[in-house]
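The values are calculated or read from the model by the stated rules, or taken from the named source; none is laboratory data. Since we're looking at a predicted model, the values are computed, not measured. Virtual Cβ from ideal backbone geometry, glycine too; neighbours counted across all protein chains shown. For accessibility, only protein heavy atoms count, side chains too; no ligands or nucleic acids. Shrake-Rupley method; radii C 1.70, N 1.55, O 1.52, S 1.80 Å.
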Amino acid sequence: QVQLVESGGGLVQAGGSLRLSCAASGTIFRLGMGWYRQAPGKQRELVAAISSGGTTNYADSVKGRFTIARDGAKNTVYLQMNSLKPEDTAVYYCHVDRSDYWGKGTLVTVSS
């Protein structure tokens, strides 16, 4: 059983930065992790993923702006978001790869 708690969301102006954190209750050392987002009226989409070995993958819309990283000792996954745009506004969710484990999400609002 793994519980995920996201934090770090908030209101930021376009061009600003935020860092999201996903703290896991259980060990996630050997698990792939991902950040997803869901904007109002849209489907949930993958933003970034990181494998147990550290390989990363990004949606085209965030490449070069977002960075996913993990800290095994802290059982935490991060999403550094730079050069934010209004279209990045969404609820961001943390997810354990190939599982039903999701966090409750953290809201990111980017004003123009």
Point to revise | Top-ranked residue in the stretch 2-21 [being over 13 Å from the mean Cα position of the chain (by Cα) and under 15 Å from CYS94 (Cα atoms); ranked as most open to solvent (accessible area, probe 1.4 Å)] | key: GLN3
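Conditions tested, residue by residue: (1) free of Cβ contacts under 8 Å to residues at least 24 places away in the same chain; (2) in contact with a strand residue (DSSP E or B) (Cβ under 7 Å, 6 or more places away or on another chain).
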residue	(1), (2)
GLN1	no, no
GLY15	no, no
ARG19	no, yes
ALA24	no, yes
MET33	no, yes
ALA49	no, yes
GLY53	yes, no
ASN57	yes, yes
VAL62	no, yes
Practice item. Report yes if some residue within the stretch 34-56 is assigned to a loop (DSSP other than H, G, I, E, B), at pLDDT below 95 and buried (at least 17 other Cβ atoms within 10 Å of the Cβ); otherwise report no. Key: no
Review point. Looking at the stretch 22-33, which of its residues are assigned to a strand (DSSP E or B) and surrounded by fewer than 21 Cβ atoms within 10 Å (Cβ to Cβ)?
Key: ALA23
Check your understanding: When you look at ILE28, is it touching a Lys or Arg at 6+ places or on another chain (Cβ under 8 Å) and at pLDDT below 95, yes or no?
Key -> yes
Check your understanding: How many residues are over 19 Å from SER99 (Cβ atoms) and under 14 Å from the mean Cα position of the chain (by Cα) if we restrict to the stretch 22-55?
Key -> 1
Point to revise | Every residue from the stretch 65-112 that is free of Cβ contacts under 8 Å to residues at least 40 places away in the same chain, aliphatic (A, V, I, L, M) and open to solvent by less than 60 Å² (accessible area, probe 1.4 Å) | key: ILE68, ALA69
